[in-house]
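So the structure is just underneath, and the comments pick up after that.
The values are calculated or read from the model by the stated rules, or taken from the named source; none is laboratory data. What you are looking at is a predicted structure, and each value in this text was computed from that prediction instead of being measured. Counting neighbours? That spans all protein chains shown, and the Cβs are built from the backbone with ideal geometry, glycine included.
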Amino acid sequence: MNCNRREFLHRTAAGALAGAALLRSQTVAAAPRLADTKPNIILIVTDDQGVQDVSCHGHPHLKTPNMDRLAREGTSFTDFHVSPTCSPTRSAIMSGTYPFYCGVTHTIRARERLNKHFTILPQVLKQVGYTTGIFGKWHLGDTAGKAATSGLPYRPDQRGFDEVFVHGGGGVGQRFDYGGDYTPGQSYFNPTLFHNGTMEKTEGYCTDVYFRQAIRWIGQRKGKPFFAYIPTNAPHGPLKYAPEDAQKPYKDLAAQWKQAPVYFGMVANIDENIGRLLAFLKEQRLDENTLVVFLTDNGHSGGATKVYSMGLRGGKNSPYEGGTRSACFWRWPGRLPNGRTIDTFAAHIDLLPTFAEMAGAQLPTTHEVHGRSLLPLLKDPSANWPNRYHFVHCGRWAAGKADASKYAKCAVRNERFKLVDNTELYDLANDPGEKQNVIGQHPQVVAELRAAYDKWWAEARKHFVNESGV
């Protein structure tokens, strides 16, 4: 059954809410065991791909058959949220806690560094026998700054990853210090990457290179459970580099947005690589013991919404839905049902506790884990799920301006309402496009959300360990 035909929850350009309760009326079959099963886990995170930029979310031009396949052959969270920018999202995935508690309040100026004292996801999984690998973008600390060794405790090879195959900083071509000065001026083709202690010149388009190396590494695991983290730097800018054959179907869209062919070509190329990965898992008979999770790290940063916005407001570095809502597909044949949707709110902070429960691992004790295991919802989308508050802040303030930025580009929400910048209230159940400010109609809701946010900020403020830079 095609993802569009089954009315997977998506908000169209008209802002309509379609199909949220479609599967709730279906009888939930006896759920297979998910806890303490030690599946192989592959986590794919794309960079700056908006939630709208998947064809099964109603995109009128983009073709992503393999992303659609993940949804069609698995379970989709239709109200899944990340942070408004990349390092914060990555820190939440790795820690299970809010980015500001990790000390991550920016993507540069040493404020992207995940607290070096935290036990993070690969370390959690290694405690129960997993081998771990990262292929692509880390962006949680690696630049040396003033001292040649100052970045070392933050690097992925020091944070629990056995196999490290990454570029530096926030993108290919940015300086980093993984064993000598990095040569700038690279494109997304034939990049030089850090591979297990040495700089390695590669051949091919960057996304192809990451997936190729990940597939090679997975093929060498020989039955030991593995965690493969594939965070691509595409379709992040500069929007100059994409394989020519991937751009061709989108050449006509340049009339709507000049950079559309490259951007959509990047997404299409990621999709092709997901297809290669799924074919490899089937060939190696790894399918039934491998969970594949796909999500994006924040909203779109360029002009893709000129082509299709899904009716959502905002994009990258915005606290609105278009800045934080992410595609989120979970495929695990034989364990997770095909074509199921879960419309309960969930977030990036929930990944670590979910993976830990699946692996039979203990949660970190180095910090508070804010997320919840999603296993109850994965077993039964209508499971009892207590309401909770969720907090968003774009950060990125100028040096020394943290306290003055408390209410700048922020949001707090519950399952239904969302307070933005302390001045706007949106009823997401009836206004997913955040067009109608109803702050004057719900004073009690506003008071509750403000109180929750003020409490969260006061606690988070104690953890801003990177504000002075290096």
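Can you tell me which of ASP53, ASP47 is touching a Cys at 6+ places or on another chain (Cβ under 7 Å), crowded, with 24+ Cβ neighbours inside 10 Å and acidic (Asp, Glu)? Spell out the reasoning first.
Working: ASP53 fails: touching a Cys at 6+ places or on another chain (Cβ under 7 Å).
Matching residue, one of ASP53, ASP47: ASP47.
Give region 456-470 a look and list any residue that's over 18 Å from THR107 (Cα atoms) and surrounded by 12 or more Cβ atoms within 10 Å (Cβ to Cβ), or say none. So that I can check it myself, show each step before the final result.
Taking region 456-470 as the starting set, the residues that turn out to be over 18 Å from THR107 (Cα atoms) are 456-459, 462.
Selection gives TRP456, TRP457, GLU459.
Give region 390-399 a look and list any residue that's touching a residue at least 12 places away in the same chain (Cβ under 8 Å) and surrounded by fewer than 16 Cβ atoms within 10 Å (Cβ to Cβ), or say none.
We begin by selecting, within region 390-399, every residue touching a residue at least 12 places away in the same chain (Cβ under 8 Å); these are 390-397, 399.
Listed by number, the list holds a single entry, ALA399.
Which of (1) under 30 Å from GLY129 (Cβ atoms); (2) not assigned by TED's automatic domain parsing to the domain that holds ALA228 is the odd one out, the single condition GLU368 does not satisfy?
(2) is the only condition that GLU368 fails.
I need the full set of residues from region 335-383 which are under 19 Å from the mean Cα position of the chain (by Cα) and among the β-branched types (Val, Ile, Thr), in order please.
Of everything in region 335-383, those that are under 19 Å from the mean Cα position of the chain (by Cα) and among the β-branched types (Val, Ile, Thr) turn out to be THR341, ILE342, THR344, ILE349, THR354, VAL369.
What number of residues in region 400-419 are modelled with pLDDT of 95 or more, surrounded by fewer than 21 Cβ atoms within 10 Å (Cβ to Cβ) and more than 22 Å from the chain's Cα centre (by Cα)?
Let us first name the residues in region 400-419 that are modelled with pLDDT of 95 or more, namely 401-414, 416-419.
Subset that is surrounded by fewer than 21 Cβ atoms within 10 Å (Cβ to Cβ): 401-409, 414, 416-417.
With more than 22 Å from the chain's Cα centre (by Cα) added as a condition, the list becomes 401-408, 416-417.
Looking only at that region, the number is 10.
If we scan region 367-375, do we find a residue that is over 30 Å from GLY204 (Cβ atoms), surrounded by fewer than 20 Cβ atoms within 10 Å (Cβ to Cβ) and modelled with pLDDT under 95?
Within region 367-375, none of the residues are over 30 Å from GLY204 (Cβ atoms), surrounded by fewer than 20 Cβ atoms within 10 Å (Cβ to Cβ) and modelled with pLDDT under 95.
Please pick out the residue among SER55, SER76 that is among the small types (Gly, Ala, Ser) and free of Cβ contacts under 8 Å to residues at least 60 places away in the same chain. Spell out how you get there, then give the answer.
Numbers: SER76 fails: free of Cβ contacts under 8 Å to residues at least 60 places away in the same chain.
Result of the check over SER55, SER76: SER55.
Would you point out which residue out of SER318, SER301 is farther than 23 Å from ASP350 by Cβ and surrounded by 19 or more Cβ atoms within 10 Å (Cβ to Cβ)?
Numbers: SER318 fails: farther than 23 Å from ASP350 by Cβ.
Of the residues listed, the single one that is farther than 23 Å from ASP350 by Cβ and surrounded by 19 or more Cβ atoms within 10 Å (Cβ to Cβ) is SER301.
Report those helices (runs of 4 or more DSSP H) wholly inside region 47-165 carrying at least 3 residues which are in the same structural domain as HIS195 (by TED's automatic domain parsing), more than 19 Å from ALA356 (Cβ to Cβ) and at pLDDT 95 or above.
Values: elements: 65-72, 86-95, 121-126.
Hits in region 47-165: 65-72, 86-95.
Can you pull out every residue in region 196-213 that is under 25 Å from the mean Cα position of the chain (by Cα) and among the acidic types (Asp, Glu)?
The one that is under 25 Å from the mean Cα position of the chain (by Cα) and among the acidic types (Asp, Glu): ASP208.
Within region 182-232, work out how many residues are assigned to a loop (DSSP other than H, G, I, E, B) and either surrounded by fewer than 14 Cβ atoms within 10 Å (Cβ to Cβ) or free of Cβ contacts under 8 Å to residues at least 60 places away in the same chain (or both). Show your work before the answer.
First, pick out the residues of region 182-232 that are assigned to a loop (DSSP other than H, G, I, E, B): 182-188, 190-191, 196-197, 202-204, 219-225, 232.
Okay, now just the ones that are also either surrounded by fewer than 14 Cβ atoms within 10 Å (Cβ to Cβ) or free of Cβ contacts under 8 Å to residues at least 60 places away in the same chain (or both), so 182-188, 190-191, 196-197, 202-204, 219-220, 222-224.
Selection size over region 182-232: 19.
So that you can scan it fast, the table gives a plain yes or no per residue for (1) acidic (Asp, Glu); (2) under 22 Å from PHE280 (Cα atoms):
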position	(1), (2)
ASN196	no, no
GLU200	yes, no
THR207	no, yes
TYR210	no, yes
ALA214	no, yes
ALA228	no, yes
THR232	no, yes
PRO238	no, no
